[in-house]
1. Would you pick out the residues in region 37-52 that are under 18 Å from Gly261 (Cβ atoms) and either part of a helix (DSSP H, G or I) or open to solvent by less than 10 Å² (accessible area, probe 1.4 Å) (or both)?
2. Give me a count of the residues in region 58-74 that are open to solvent by less than 30 Å² (accessible area, probe 1.4 Å) and touching a strand residue (DSSP E or B) at 6+ places or on another chain (Cβ under 8 Å).
3. Counting only residues that are under 19 Å from Thr146 (Cβ atoms), assigned to a loop (DSSP other than H, G, I, E, B), open to solvent by less than 50 Å² (accessible area, probe 1.4 Å) and not hydroxyl-bearing (Ser, Thr, Tyr), how many does region 190-243 have?
4. Looking at region 1-38 only, could you name the residues that are within 23 Å of Asn181 (Cα to Cα) and among the aromatic types (Phe, Trp, Tyr)?
5. Counting only residues that are of a type in the set (Asp, Glu) and open to solvent by less than 20 Å² (accessible area, probe 1.4 Å), which one in region 106-120 is farthest from Arg205 (Cα to Cα)?
6. How many residues does region 75-99 contain that are closer than 21 Å to Phe122 by Cβ, in a loop (DSSP other than H, G, I, E, B) and not β-branched (Val, Ile, Thr)?
7. Is it the case, given these coordinates, that Tyr160 is under 17 Å from Glu18 (Cβ atoms) and open to solvent by 30 Å² or more (accessible area, probe 1.4 Å)?
Amino acid sequence: AELYGLDVSQVAVSHGAEGMLQNLGKCFLDEGDEVIRSGVTYGLYKEISRLMGARVVEVPVRNWRVDPDAMAEAVTAKTKLVWISNPNNPLGSIFDRKAFECLLDRLPETAWVILDEAYAEFAPPAELPDRVRLLREKRNLIVVRTFSKYYGLAGARLGYALASADVVTAIDTVSEPFNANRIALAGAVALLRHGKAELEAARQRIFADRERLERALEDRGCFVVPSRANFVFADTPYDGEALAKELLLRGVIVRPCSGWGFPGALRVTVGTTKEMDRFLRAFDEAVPALAERSGTTKNMEWNVVL
């Protein structure tokens, strides 16, 4: 609350951002409701919505970005939630701020935007929505954040939401009684109070390696979406699933993106400088290995020893 200049009553905590997203589905969705989401985004939004019996309306991305204007056009009287990941997972892109506020303006009173900002600390603040002002204006907005990315507490499972006090009361009502563990809470408080210098130094290293990774992948013939997250989305000239398996054989794990409709694409997390060096070496080894396996990739079995 101090970090954002909000009242404590406007903050809810959860077992990771995923736990918060599930709580929001319980709060707002009933059988027959509609939700809107981008056609290329975090898959859990669809799963939560369907579990609650809602109909999922998907809006295509435009220029590799979530399109708030198209989402506004898709809003109906049945719309209850609009799920938006910004920066978007898996593309790493961000949307237009003005278009986002226009979307909020066009919402019926019964519809809410869930703004998932899991990766927001890796984007320039001026390019992101002014979440605090919008909450103070009592817009139908709920912001979800996590300590897993920028704060480095992945595995500790601590997420939170910023919203109106009434919405926080609703979230707390549907949450399990003990919805955050003490170790994660202690770690989060310590980072907020004492970790600023170390966190900022780590962020600057990530920015430098992210830029280097983007250039390196472009030099290797990939199309790269300029990233505002701690990962890079690259559409390669190869079979992404097969390439990811070749990388796995070399001890490197990346996310193939065929499930989002991009059969040649990979999402690569920005790790340490040494890890990025290892990834690029493995990439350069994997590409000729793919050529050697040409014509057999789809049918072969992969026996990987970890």
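The values are calculated or read from the model by the stated rules, or taken from the named source; none is laboratory data. Please read all numbers here as calculations on a predicted model, not as lab measurements. Because the Cβ atoms are built from the backbone with ideal geometry, glycine has one as well, and the counts that use them run over all protein chains shown. Note: areas computed on protein heavy atoms with side chains; ligands, DNA, RNA excluded. Shrake-Rupley method; radii C 1.70, N 1.55, O 1.52, S 1.80 Å.
1. Answer for region 37-52, where residues must be under 18 Å from Gly261 (Cβ atoms) and either part of a helix (DSSP H, G or I) or open to solvent by less than 10 Å² (accessible area, probe 1.4 Å) (or both): Ser38, Thr41, Leu44, Tyr45, Lys46, Glu47.
2. 7
3. Of the residues in that region, 3 qualify.
4. Result: Tyr4, single match.
5. Per the criteria, the residue is Asp116.
6. So the answer is 10.
7. Spelling it out, it is not the case that Tyr160 is under 17 Å from Glu18 (Cβ atoms) and open to solvent by 30 Å² or more (accessible area, probe 1.4 Å).
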